[in-house]
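First, the structure itself, so that you have it in front of you.
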Amino acid sequence: MTKPVGFDPKSLPESNSTSYPEPWRTQAAKRWNRRVGDHGGLKNFGVNLTRIEPGGVSSQRHWHLKQDEFVYVLEGEAVMITDAGEKLMKPGMCACFPAGAKNGHHFLNRTSKDVLLLVVGDRTPGDSGEYPDIDMTVALQPDGSFRFFRKDGTPY
């Protein structure tokens with residue numbers, strides 16, 4: 001099947017599903033993704049249009065061992081939280097998180113309007129990561145799914 005070359009990403013369905021275990025699954029309810037790269041047939045990296053409702057968060061604060069991440073603010077104002085603290089991110093600003101840099105990050109929406117982010121990450125096999133603020137790590141499985149563990153290695 002031929003994948004579309006040109007399309008309006010805002011026409012794609014949104015999903016707020018997550019593979020996070022509870023209680024973090026519920027906390028992701030105000031984050032919505034459009035899987036732009038999947039829709040276009042991309043295999044080597046993912047591209048998501050991520051909308052965060054007021055009071056929502058992009059993810060739990062995390063970092064990846066093998067995956068580079070790039071985030072570009074399209075609309076609204078988000079607060080980026082990293083190990084260095086908080087930074088207000090406005091439209092046109094971007095953030096880069098190189099693989100292996102143990103700099104936990106996520107984005108919060110503290111405003112009354114939606115935030116729209118363009119999020120790009122690679123799909124390097126064997127990726128893993130850590131969530132420095134909570135008792136959780138993640139490992140990418142061969143089928144592309146994520147499996148979550150406590151920091152002592154026990155699975156959720």
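What pairs in 10/113; 3/87; 66/151; 30/102; 113/151 have C-alpha atoms more than 28 Å from each other?
Too far apart for the 28 Å limit: 3/87; 113/151.
Calculate the dipole size of the stretch 20-125 relative to its Cα centre from +1 charges on Lys and Arg beta carbons and -1 charges on Asp and Glu beta carbons; express the result in debye to the nearest 20.
Its charge dipole is roughly 140 debye.
Taking a point 7 angstrom from the Cα of residue 30 along the C-beta vector, which residues in the stretch 91-118 have backbone N less than 14 Å away?
107-116
If you build a Gaussian network model of the chain, linking Cα atoms that sit under 10 Å apart, which residue out of 28, 84, 99 swings the most?
Highest fluctuation of the listed residues: 84.
Provide, for q = 0.20 Å⁻¹, the log10 of I(q)/I(0) from a solvent-free Debye sum over equal Cα point scatterers in the stretch 20-125.
Relative scattering, expressed as log10 I(q)/I(0), comes to -1.11.
Loop sites only, by DSSP: take the trypsin sites (Lys or Arg not before Pro) in the chain that have at most 12 other C-beta atoms within 10 Å and name the longest stretch containing none of them.
44-101
Each reported figure results from applying straightforward, stated rules to the coordinates on display, with no laboratory input. Note that this is a predicted model, so its numbers are computed, not measured. Note that we place each Cβ from the backbone using ideal geometry, even for glycine, and neighbour counts take in every protein chain shown.
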